[in-house]
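Data first, discussion second: the structure below is written as C-alpha coordinates.
The values are calculated or read from the model by the stated rules, or taken from the named source; none is laboratory data. As the structure is a computational prediction, the values presented were derived from the model and not from experiment. Note: ideal-geometry Cβ built from the backbone for every residue, glycine included; neighbour counts use all protein chains shown.
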(Lines give C-alpha, C1' and ligand atoms only; values in the text may rest on other atoms or scores of the structure.)
Protein backbone atom coordinates (compact mmCIF):
# COMPACT_ATOMS: atom_id res chain seq x y z
CA UNK A 1 0.00 0.00 0.00
CA UNK A 2 1.34 3.41 -0.96
CA UNK A 3 1.97 5.68 2.00
CA UNK A 4 -0.20 8.78 2.14
CA UNK A 5 1.49 12.08 1.37
CA UNK A 6 2.16 14.34 4.36
CA UNK A 7 -0.65 16.91 4.50
CA UNK A 8 -0.18 20.56 5.37
CA UNK A 9 -2.52 23.47 6.13
CA UNK A 10 -0.89 26.79 5.25
CA UNK A 11 -1.42 29.96 7.30
CA UNK A 12 -0.29 33.26 5.74
CA UNK A 13 -0.47 36.62 7.47
CA UNK A 14 0.27 40.25 6.63
CA UNK A 15 -0.18 43.25 8.88
CA UNK A 16 -1.88 45.79 6.61
CA UNK A 17 -4.80 45.96 4.20
CA UNK A 18 -2.46 47.37 1.56
CA UNK A 19 -0.21 44.33 1.72
CA UNK A 20 -3.23 42.06 1.63
CA UNK A 21 -4.70 43.68 -1.51
CA UNK A 22 -1.40 43.85 -3.39
CA UNK A 23 -0.17 40.40 -2.43
CA UNK A 24 3.08 41.84 -1.10
CA UNK A 25 4.38 39.53 1.57
CA UNK A 26 1.75 36.87 0.94
CA UNK A 27 3.42 35.59 -2.21
CA UNK A 28 6.84 35.38 -0.54
CA UNK A 29 5.31 33.36 2.28
CA UNK A 30 3.48 31.10 -0.17
CA UNK A 31 6.73 30.39 -2.03
CA UNK A 32 8.53 29.49 1.21
CA UNK A 33 5.69 27.13 2.15
CA UNK A 34 5.68 25.52 -1.29
CA UNK A 35 9.42 24.88 -1.16
CA UNK A 36 9.17 23.29 2.30
CA UNK A 37 6.21 21.12 1.33
CA UNK A 38 7.94 19.98 -1.86
CA UNK A 39 11.03 19.01 0.10
CA UNK A 40 8.83 16.96 2.42
CA UNK A 41 7.10 15.35 -0.58
CA UNK A 42 3.78 16.53 0.84
CA UNK A 43 0.75 18.51 -0.28
CA UNK A 44 -1.04 21.65 0.88
CA UNK A 45 -4.67 20.67 1.48
CA UNK A 46 -5.89 24.10 2.62
CA UNK A 47 -4.66 27.68 2.79
CA UNK A 48 -5.82 30.48 5.08
CA UNK A 49 -4.88 34.14 4.79
CA UNK A 50 -5.18 36.81 7.46
CA UNK A 51 -4.71 40.58 7.39
CA UNK A 52 -4.16 41.35 11.03
CA UNK A 53 -1.59 42.70 13.46
CA UNK A 54 0.71 40.10 14.97
CA UNK A 55 -0.14 41.51 18.39
CA UNK A 56 -3.80 40.41 18.17
CA UNK A 57 -4.75 36.99 19.49
CA UNK A 58 -8.28 36.92 18.03
CA UNK A 59 -7.65 35.81 14.46
CA UNK A 60 -10.60 34.11 12.72
CA UNK A 61 -8.53 32.68 9.88
CA UNK A 62 -5.97 31.22 12.27
CA UNK A 63 -8.78 29.58 14.23
CA UNK A 64 -10.14 28.14 10.99
CA UNK A 65 -6.68 26.87 10.03
CA UNK A 66 -6.29 25.14 13.39
CA UNK A 67 -9.70 23.52 13.05
CA UNK A 68 -8.74 22.32 9.57
CA UNK A 69 -5.52 20.80 10.95
CA UNK A 70 -7.40 18.92 13.64
CA UNK A 71 -10.06 17.56 11.30
CA UNK A 72 -7.57 16.55 8.59
CA UNK A 73 -4.75 15.51 10.92
CA UNK A 74 -2.58 17.89 8.93
CA UNK A 75 0.50 19.90 9.89
CA UNK A 76 0.04 23.65 10.31
CA UNK A 77 2.78 25.26 8.21
CA UNK A 78 3.86 28.90 8.52
CA UNK A 79 6.58 30.61 6.50
CA UNK A 80 8.19 32.49 9.38
CA UNK A 81 7.84 32.46 13.14
CA UNK A 82 7.16 36.22 13.24
CA UNK A 83 4.22 35.72 10.83
CA UNK A 84 2.49 33.96 13.72
CA UNK A 85 3.59 35.79 16.86
CA UNK A 86 6.45 36.82 19.10
CA UNK A 87 4.43 36.08 22.19
CA UNK A 88 5.51 32.77 23.70
CA UNK A 89 2.21 32.17 25.51
CA UNK A 90 0.16 32.73 22.36
CA UNK A 91 2.50 30.54 20.33
CA UNK A 92 2.17 27.69 22.78
CA UNK A 93 -1.64 27.96 22.62
CA UNK A 94 -1.44 27.60 18.84
CA UNK A 95 0.89 24.61 19.08
CA UNK A 96 -1.47 22.95 21.54
CA UNK A 97 -4.50 23.75 19.37
CA UNK A 98 -3.07 22.39 16.13
CA UNK A 99 -3.80 18.77 16.96
CA UNK A 100 -1.73 15.63 16.57
CA UNK A 101 0.44 16.70 13.61
CA UNK A 102 1.76 19.91 15.16
CA UNK A 103 3.25 23.05 13.60
CA UNK A 104 6.28 23.69 11.38
CA UNK A 105 7.97 26.98 10.49
CA UNK A 106 9.89 27.21 7.23
CA UNK A 107 12.54 29.51 8.75
CA UNK A 108 13.32 27.19 11.68
CA UNK A 109 15.19 23.90 11.80
CA UNK A 110 13.09 20.76 11.88
CA UNK A 111 12.03 20.12 15.46
CA UNK A 112 11.35 16.73 16.97
CA UNK A 113 7.74 15.77 17.54
CA UNK A 114 6.21 15.70 21.00
CA UNK A 115 7.04 17.58 24.22
CA UNK A 116 10.71 18.23 23.34
CA UNK A 117 9.80 19.93 20.08
CA UNK A 118 7.15 22.05 21.79
CA UNK A 119 9.65 23.06 24.47
CA UNK A 120 12.28 24.09 21.90
CA UNK A 121 9.74 26.07 19.88
CA UNK A 122 8.51 27.87 22.98
CA UNK A 123 12.08 28.84 23.90
CA UNK A 124 12.65 30.28 20.42
CA UNK A 125 9.46 32.32 20.72
CA UNK A 126 10.50 33.52 24.18
CA UNK A 127 13.81 34.81 22.77
CA UNK A 128 11.97 36.60 19.94
CA UNK A 129 9.52 38.10 22.45
CA UNK A 130 12.40 39.30 24.63
CA UNK A 131 14.16 40.87 21.65
CA UNK A 132 11.01 42.71 20.56
CA UNK A 133 10.42 43.94 24.11
CA UNK A 134 13.99 45.20 24.51
CA UNK A 135 13.87 47.04 21.19
CA UNK A 136 10.62 48.74 22.23
CA UNK A 137 12.03 49.58 25.66
CA UNK A 138 15.20 51.13 24.20
CA UNK A 139 13.18 53.12 21.67
CA UNK A 140 10.86 54.54 24.35
CA UNK A 141 13.83 55.41 26.57
CA UNK A 142 15.63 57.12 23.70
CA UNK A 143 12.55 59.16 22.82
CA UNK A 144 12.12 60.19 26.45
CA UNK A 145 15.73 61.39 26.62
CA UNK A 146 15.35 63.27 23.37
CA UNK A 147 12.16 64.95 24.55
CA UNK A 148 13.79 65.94 27.87
CA UNK A 149 16.65 67.58 25.98
CA UNK A 150 14.29 69.56 23.80
CA UNK A 151 14.63 67.56 20.60
CA UNK A 152 11.57 68.00 18.38
CA UNK A 153 10.23 64.50 17.91
CA UNK A 154 8.76 63.62 14.54
CA UNK A 155 10.84 66.21 12.68
CA UNK A 156 12.99 64.45 10.07
CA UNK A 157 15.59 67.23 10.29
CA UNK A 158 16.10 66.75 14.03
CA UNK A 159 19.41 65.27 15.15
CA UNK A 160 19.29 62.42 17.71
CA UNK A 161 20.52 63.61 21.08
CA UNK A 162 23.10 60.84 21.55
CA UNK A 163 25.18 58.45 19.49
CA UNK A 164 23.26 55.56 21.10
CA UNK A 165 19.96 57.01 19.92
CA UNK A 166 21.35 57.44 16.41
CA UNK A 167 22.52 53.83 16.37
CA UNK A 168 19.12 52.61 17.62
CA UNK A 169 17.39 54.62 14.91
CA UNK A 170 19.66 53.11 12.24
CA UNK A 171 18.97 49.59 13.49
CA UNK A 172 15.23 50.15 13.51
CA UNK A 173 15.41 51.60 10.00
CA UNK A 174 17.48 48.63 8.83
CA UNK A 175 14.91 46.14 10.19
CA UNK A 176 12.08 47.96 8.41
CA UNK A 177 13.93 48.15 5.11
CA UNK A 178 14.91 44.46 5.26
CA UNK A 179 11.29 43.44 5.82
CA UNK A 180 10.11 45.60 2.91
CA UNK A 181 12.87 44.26 0.66
CA UNK A 182 11.65 40.69 1.16
CA UNK A 183 8.18 41.74 0.02
CA UNK A 184 9.54 43.63 -2.99
CA UNK A 185 11.65 40.67 -4.05
CA UNK A 186 8.51 38.53 -4.21
CA UNK A 187 7.05 41.02 -6.71
CA UNK A 188 10.31 41.06 -8.68
CA UNK A 189 10.11 37.27 -9.02
CA UNK A 190 6.53 37.58 -10.30
CA UNK A 191 7.62 40.19 -12.84
CA UNK A 192 10.50 37.99 -14.00
CA UNK A 193 8.17 34.99 -14.31
CA UNK A 194 5.93 37.09 -16.56
CA UNK A 195 8.81 37.69 -18.98
CA UNK A 196 10.63 40.80 -17.74
CA UNK A 197 14.35 40.03 -18.01
CA UNK A 198 16.26 43.34 -18.12
CA UNK A 199 16.80 45.57 -15.11
CA UNK A 200 15.15 48.47 -16.95
CA UNK A 201 12.03 46.43 -17.75
CA UNK A 202 11.74 45.19 -14.16
CA UNK A 203 12.14 48.75 -12.82
CA UNK A 204 9.45 50.03 -15.17
CA UNK A 205 7.05 47.27 -14.16
CA UNK A 206 7.61 47.90 -10.45
CA UNK A 207 6.90 51.59 -11.01
CA UNK A 208 3.77 50.78 -13.03
CA UNK A 209 2.45 48.58 -10.21
CA UNK A 210 3.01 51.31 -7.66
CA UNK A 211 5.54 49.28 -5.68
CA UNK A 212 7.66 51.41 -3.37
CA UNK A 213 11.38 50.82 -2.90
CA UNK A 214 12.54 49.18 0.35
CA UNK A 215 13.30 52.70 1.57
CA UNK A 216 9.64 53.61 1.00
CA UNK A 217 10.23 55.82 -2.04
CA UNK A 218 8.30 55.95 -5.29
CA UNK A 219 10.04 55.32 -8.59
CA UNK A 220 12.59 52.70 -9.58
CA UNK A 221 15.84 52.76 -11.55
CA UNK A 222 17.70 49.80 -13.07
CA UNK A 223 20.51 50.39 -10.57
CA UNK A 224 18.10 50.02 -7.64
CA UNK A 225 16.82 46.70 -8.98
CA UNK A 226 20.40 45.50 -9.48
CA UNK A 227 21.37 46.42 -5.91
CA UNK A 228 18.32 44.65 -4.55
CA UNK A 229 19.12 41.43 -6.42
CA UNK A 230 22.81 41.55 -5.50
CA UNK A 231 22.05 41.98 -1.82
CA UNK A 232 19.64 39.05 -1.96
CA UNK A 233 22.38 36.88 -3.45
CA UNK A 234 24.75 37.91 -0.67
CA UNK A 235 22.08 36.90 1.87
CA UNK A 236 21.88 40.39 3.34
CA UNK A 237 19.18 42.82 2.23
CA UNK A 238 19.61 46.41 3.34
CA UNK A 239 18.32 49.75 2.15
CA UNK A 240 18.08 50.41 -1.56
CA UNK A 241 18.06 54.16 -2.16
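At a glance:
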{"quantity": "Hits in the stretch 191-206 (condition: surrounded by 15 or more Cβ atoms within 10 Å (Cβ to Cβ) and either closer than 12 Å to residue 228 by Cα or in contact (Cβ under 8 Å) with a residue 12 or more places away in the chain (or both))", "calculated": "191, 199, 202, 203, 204, 205, 206"}
{"quantity": "Residue within the stretch 21-29 that is at pLDDT 80 or above, over 15 Å from the mean Cα position of the chain (by Cα) and buried (at least 18 other Cβ atoms within 10 Å of the Cβ) present", "calculated": "no"}
{"quantity": "For residue 203: the one exception among (1) within 30 Å of residue 223 (Cβ to Cβ); (2) assigned to a helix (DSSP H, G or I); (3) under 19 Å from the mean Cα position of the chain (by Cα); (4) modelled with pLDDT of 70 or more", "calculated": "(3)"}
{"quantity": "Those residues of the stretch 84-108 which are part of a helix (DSSP H, G or I) and at pLDDT 75 or above, in sequence order", "calculated": "94"}
{"quantity": "The one condition in (1) at pLDDT 70 or above; (2) within 30 Å of residue 92 (Cα to Cα) that residue 132 fails to fulfil", "calculated": "(1)"}
